[in-house]
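The values are calculated or read from the model by the stated rules, or taken from the named source; none is laboratory data. None of these values were measured; they are calculated from a predicted model. Using ideal geometry, Cβ is built from the backbone for each residue, glycine included, and neighbour counts are taken over all protein chains shown.
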Amino acid sequence: MTLIKSISGIRGTIGGAVGDSLTPIDIVRFTSAYAKFIFDQDCSSNTIVIGRDARLSGIMVSNIVSGTLLGCGFNVIDIGLSTTPTVEVTVEKESAAGGIIITASHNPKQWNALKLLNNRGEFISAADGEKILDFAEKEEFDFSLIENIGSYKYDGTHNEKHIEDVLNLELVNVELIKSKKFKVVLDAVNSTGGILIPKLLEKLGVECIKLFCDPTGEFPHNPEPLPENLTEISKKVIDTNADLGVVVDPDVDRLALICEDGSMFGEEYTLVSVADYILSKTPGNTVSNLSSTRALADVTNYHNGNYFASAVGEVNVVEQMKEKNAVIGGEGNGGIIYPALHYGRDALVGIALFLTNLAEKEISCKSLRETYPNYFISKNKIDLDLSVDISKLLSTLESKFMSNNINTIDGLKIDFDDGWVHLRRSNTEPIIRIYSESVTLDKANKLAEDFINQIKELL
């Protein structure tokens with residue numbers, strides 16, 4: 001059993017011993033600590049927004065979170081089965097003090113998590129997260145007397161409101177998309193993307209062929225949108241003569257695309273394509289994390305903007321985007337952050353902007369991909385014993401490659417003439433991630449293999 005407390009929230013497997021996994025006791029403890037944190041912010045609002053993906057444990061976790069917040073004196077607006085970006089925009093719409101998203105994102109079905117938001121609908125900072133963990137550790141929280149307990153309200157209207165917000169974006173050309181009569185295959189991994197995205201596509205005049213769109217929480221394949229998990233939709237795109245395939249993770253903040261011939265558009269290139277379109281209309285700066293493709297920097301330079309890299313994690317990307325006044329940003333895992341709507345990864349925004357770009361260029365998905373610089377990323381991981389001293393391991397490798405261009409903002413990134421490798425401990429799983437990029441997939445894989453072997457020798 002596993003319980004991970006990080007910048008990405010409180011994440012763990014369901015069941016097991018208290019303190020070793022995400023048990024009901026742990027849910028109460030961390031929710032109460034979050035409530036104390038919000039209370040200490042002296043917000044004018046006494047409302048917390050909650051929403052969840054379709055995981056099997058979602059109802060259980062949601063009920064515990066709601067009851068705990070009520071016991072802490074907060075009013076709860078529960079938007080039910082929804083998406084991470086929908087909860088984020090709802091916090092602002094409702095002028096709430098914060099929000100909790102009940103989702104473990106791309107993790108397998110035995111996982112769930114509490115993703116914690118501030119009053120702007122953005123993930124709380126690392127420093128604020130440390131305060132919450134400290135409150136939880138010391139159990140420094142009080143519960144309300146009967147006259148001060150909160151109220152509960154279910155509001156199922158916010159999914160539709162989020163869709164309308166996307167459609168109303170200035171750079172989403174609804175009528176142009178409708179004129180193209182696109183056919184799209186959607187893999188929503190039996191989670192909440194199967195609720196929202198067909199509605200979005202319908203309003204864009206797009207024929208949607210549904211694959212795994214029943215929000216049961218029974219994931220039909222590994223829910224992380226990587227090529228090895230997407231064989232069925234690739235075949236479906238070809239068999240149905242679709243224009244493209246759309247893949248989202250369980251909480252709909254990541255977007256991967258499939259070309260009309262069944263090939264991967266490339267998770268990394270989701271952001272590249274959308275950024276290309278945005279920069280063509282509103283020139284400016286871009287931001288992605290250190291594990292993202294060089295192609296975004298190339299596209300940004302083409303549009304006379306400046307590219308900046310942040311540490312991995314949405315909160316880090318957002319912080320850098322604000323500092324550099326970026327017009328578009330995100331993460332290479334298919335996460336699109338478009339500040340014109342909100343500072344959060346949003347697959348719905350990504351879909352609408354991508355389709356506008358595709359419609360405007362009047363070319364196929366495959367042809368669009370071929371217009372961008374060609375880099376290949378290899379994504380690997382090594383399972384870790386939690387006792388491993390990652391800092392020492394990375395320091396050893398840093399010393400070995402001192403002659404190269406090195407970045408230690410987040411783990412260790414080493415640049416080479418025709419590529420790079422990025423090594424870091426995951427925020428969400430007990431693993432070390434090894435991302436490498438080069439001008440061919442073979443070179444990227446070879447680079448990753450070399451470092452995996454070096455790491456194993458040091459363990």
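Would you point out which residue out of 311, 242 is under 24 Å from residue 364 (Cα atoms), in the same structural domain as residue 355 (by TED's automatic domain parsing) and aliphatic (A, V, I, L, M)? First the steps, then the outcome.
Numbers: 311 fails: under 24 Å from residue 364 (Cα atoms).
Within the list 311, 242, the selection yields 242.
Could you list, in sequence order, all residues of region 1-14 that are surrounded by fewer than 17 Cβ atoms within 10 Å (Cβ to Cβ) and without any contact (Cβ under 8 Å) to a residue 40 or more places away in the chain? The answer is 1, and nothing else.
Of the set (1) within 26 Å of residue 304 (Cβ to Cβ); (2) surrounded by fewer than 15 Cβ atoms within 10 Å (Cβ to Cβ); (3) among the hydrophobic types (A, V, I, L, M, F, W, C), all apply to residue 337 but (2).
Can you name the condition, by its number, that residue 306 falls short on among (1) surrounded by 15 or more Cβ atoms within 10 Å (Cβ to Cβ); (2) touching a Ser or Thr at 6+ places or on another chain (Cβ under 8 Å)? The number of the failed condition is (1).
If the requirement is being touching a Gly at 6+ places or on another chain (Cβ under 8 Å), at pLDDT 95 or above and assigned by TED's automatic domain parsing to the domain that holds residue 328, which of these qualifies: 177, 197, 149?
On the way: 197 fails: touching a Gly at 6+ places or on another chain (Cβ under 8 Å); 149 fails: assigned by TED's automatic domain parsing to the domain that holds residue 328.
Testing whether each residue is touching a Gly at 6+ places or on another chain (Cβ under 8 Å), at pLDDT 95 or above and assigned by TED's automatic domain parsing to the domain that holds residue 328 leaves just 177.
Do we have residue 178 as surrounded by fewer than 16 Cβ atoms within 10 Å (Cβ to Cβ), among the basic types (Lys, Arg) and either in contact with a helix residue (DSSP H, G or I) (Cβ under 6 Å, 6 or more places away or on another chain) or closer than 24 Å to residue 377 by Cα (or both) here? No: the conditions fail for residue 178.
Within region 358-375, being at pLDDT 95 or above, under 18 Å from residue 298 (Cα atoms) and either of a type in the set (Phe, Trp, Tyr) or assigned to a loop (DSSP other than H, G, I, E, B) (or both) holds for 371, 372. Would it be correct to say that residue 140 is at pLDDT 95 or above and either of a type in the set (D, E, K, R) or part of a loop (DSSP other than H, G, I, E, B) (or both)? No, not satisfied. Just one residue in the set 44, 66, 95 is of a type outside the set (Asp, Glu) and in a helix (DSSP H, G or I); that residue is 66. For residue 47, the criteria (1) touching a residue at least 24 places away in the same chain (Cβ under 8 Å); (2) within 19 Å of residue 67 (Cβ to Cβ); (3) under 24 Å from the mean Cα position of the chain (by Cα) hold in every case but one, which is (3).
Out of curiosity, is residue 244 modelled with pLDDT under 95, among the aliphatic types (A, V, I, L, M) and in contact with a Lys or Arg (Cβ under 9 Å, 6 or more places away or on another chain)? When the stated conditions are applied, residue 244 does not pass them. Being surrounded by fewer than 24 Cβ atoms within 10 Å (Cβ to Cβ), among the aliphatic types (A, V, I, L, M) and outside any strand (DSSP E or B) holds for only one residue in 274, 315, 299, and it is 315. In the set 300, 270, only one residue is more than 15 Å from residue 245 (Cα to Cα) and hydroxyl-bearing (Ser, Thr, Tyr); that residue is 300. Among the residues of region 340-352, write down those that are farther than 18 Å from residue 225 by Cα, touching a strand residue (DSSP E or B) at 6+ places or on another chain (Cβ under 7 Å) and surrounded by 24 or more Cβ atoms within 10 Å (Cβ to Cβ). The one that is farther than 18 Å from residue 225 by Cα, touching a strand residue (DSSP E or B) at 6+ places or on another chain (Cβ under 7 Å) and surrounded by 24 or more Cβ atoms within 10 Å (Cβ to Cβ): 344.
Yes or no, residue by residue, for (1) among the aromatic types (Phe, Trp, Tyr); (2) surrounded by fewer than 16 Cβ atoms within 10 Å (Cβ to Cβ); (3) touching a residue at least 60 places away in the same chain (Cβ under 8 Å):
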{"position": "25", "(1), (2), (3)": "no, yes, no"}
{"position": "29", "(1), (2), (3)": "no, no, yes"}
{"position": "37", "(1), (2), (3)": "yes, no, yes"}
{"position": "62", "(1), (2), (3)": "no, no, no"}
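Scanning region 142-164 for residues that are aliphatic (A, V, I, L, M) and within 24 Å of the chain's Cα centre (by Cα) gives a single hit, 163. Being farther than 20 Å from residue 433 by Cβ and part of a strand (DSSP E or B) is the filter here; which residues of region 330-343 pass it? The answer is 336, 337.
Could you say which residue among 47, 84 is of a type in the set (S, T, N, Q), touching a strand residue (DSSP E or B) at 6+ places or on another chain (Cβ under 7 Å) and crowded, with 24+ Cβ neighbours inside 10 Å? Give the steps one after another, and end with the answer.
On the way: 47 fails: crowded, with 24+ Cβ neighbours inside 10 Å.
Just a single option satisfies the conditions, and that option is 84.
Applying the criterion of being aliphatic (A, V, I, L, M) and over 21 Å from the mean Cα position of the chain (by Cα) to the residues of region 234-271, the residue that is surrounded by the most Cβ atoms within 10 Å (Cβ to Cβ) is 237. As a summary of the residue check, residue 384 satisfies the conditions (1) under 30 Å from residue 85 (Cα atoms); (2) in contact (Cβ under 8 Å) with a residue 24 or more places away in the chain except for the one numbered (1).
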